[in-house]
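> Please find one structure pasted underneath; my questions will follow.
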Amino acid sequence: MDGLNAELFISTAEPRQLAEADPAPLICFSHLRWDFVTQRPQHLMRRFAAERVVFYWEEAIPCDHPIPYLEYHPFPADKMIALRPRVPHWWGAAAREKALAELLAMLIATSVRTTPVLWFYTPMMFGIARQVKAQTIVYDAWTNCRPFASPTPCCSNAKPN
C-alpha cells in the first residue's frame, strides 16, 4: 500500500503510533459506498478518523469467486479505509451472513487492537456484528424502514440485543 501505513491505514507523511490513551477504533457499517456520494456518514467518519482508526464496512458485493474475501480500499486523504466484502453471488442469505460475520471476526483479530466502537447506518448489518464485543454501539440510521409498505424481512427483524 504505497504511501500508507499498512497497520493503521493512515498517511505515512507523519507516522502515528498507537498510545494507550488512543480512542477506540471505530467500525462503521453502512449501505452507502464511501466514494459514491458524500453524505452524513462521510462527514462524521472523516472527523472521527482525525483522532482514531476508522474502518468503513460497506454492503457486500456479489462476485464469481468461490470463497468470500474482504477488499481494502484506502482513502489516504480521509485517513481511513473502506472495506468491501465480496461473497459468491449464488450463496443464500444464511451463508452470506455467516461469511460476513467471519470476515468481520478476521478483521478484528488481525487489525483491531482494542474493543471497538460499532456504528450502524443500517439495521441490515446487525446480524454480522452480533458476536462482536463492542465498547459502544451507535445506531445512527437516518432512514427508518417501518414506513415502507413492505420492508425486507431482515430489516423488520434486525434489532440490536
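> Tell me which residues, restricted to region 109-121, are surrounded by 17 or more Cβ atoms within 10 Å (Cβ to Cβ) and either without any contact (Cβ under 8 Å) to a residue 40 or more places away in the chain or touching a helix residue (DSSP H, G or I) at 6+ places or on another chain (Cβ under 6 Å) (or both).
Selection gives Leu118, Tyr121.
> Taking region 55-82, which residues are closer than 18 Å to Val37 by Cα, over 11 Å from the mean Cα position of the chain (by Cα) and not aliphatic (A, V, I, L, M)?
Answer for region 55-82, where residues must be closer than 18 Å to Val37 by Cα, over 11 Å from the mean Cα position of the chain (by Cα) and not aliphatic (A, V, I, L, M): His73, Pro74, Phe75, Pro76, Asp78, Lys79.
> While we're on this one: Out of region 122-161, which residues are modelled with pLDDT of 90 or more and in contact with a helix residue (DSSP H, G or I) (Cβ under 7 Å, 6 or more places away or on another chain)? Give the derivation first.
Kept after step one, since they are modelled with pLDDT of 90 or more, are these residues of region 122-161: 125-139.
Result: Gly127, Ile128, Ala129, Gln131, Val132.
> Got a number for residues in region 48-98 being out of contact with any strand residue (DSSP E or B) (no Cβ under 8 Å at 6 or more places or on another chain), surrounded by 16 or more Cβ atoms within 10 Å (Cβ to Cβ) and modelled with pLDDT under 95?
1
> Now for a separate question. Do any strands (runs of 3 or more DSSP E) entirely within region 49-128 hold 1 or more residues that are under 30 Å from Ala21 (Cβ atoms), and if so, which? Step through it out loud before you land on a result.
On the way: elements: 54-57, 61-63, 69-75, 80-88, 117-120.
Once the strands (runs of 3 or more DSSP E) in region 49-128 are filtered for at least 1 residues that are under 30 Å from Ala21 (Cβ atoms), what remains is 54-57, 69-75, 80-88, 117-120.
> Tell me whether region 27-47 contains one or more residues that are modelled with pLDDT of 95 or more and in contact with a Pro (Cβ under 6 Å, 6 or more places away or on another chain).
Yes - at least one qualifying residue is present in region 27-47.
The values are calculated or read from the model by the stated rules, or taken from the named source; none is laboratory data. This structure is a prediction, so every number in the text was calculated from the model and none was measured. Counting neighbours? That spans all protein chains shown, and the Cβs are built from the backbone with ideal geometry, glycine included.
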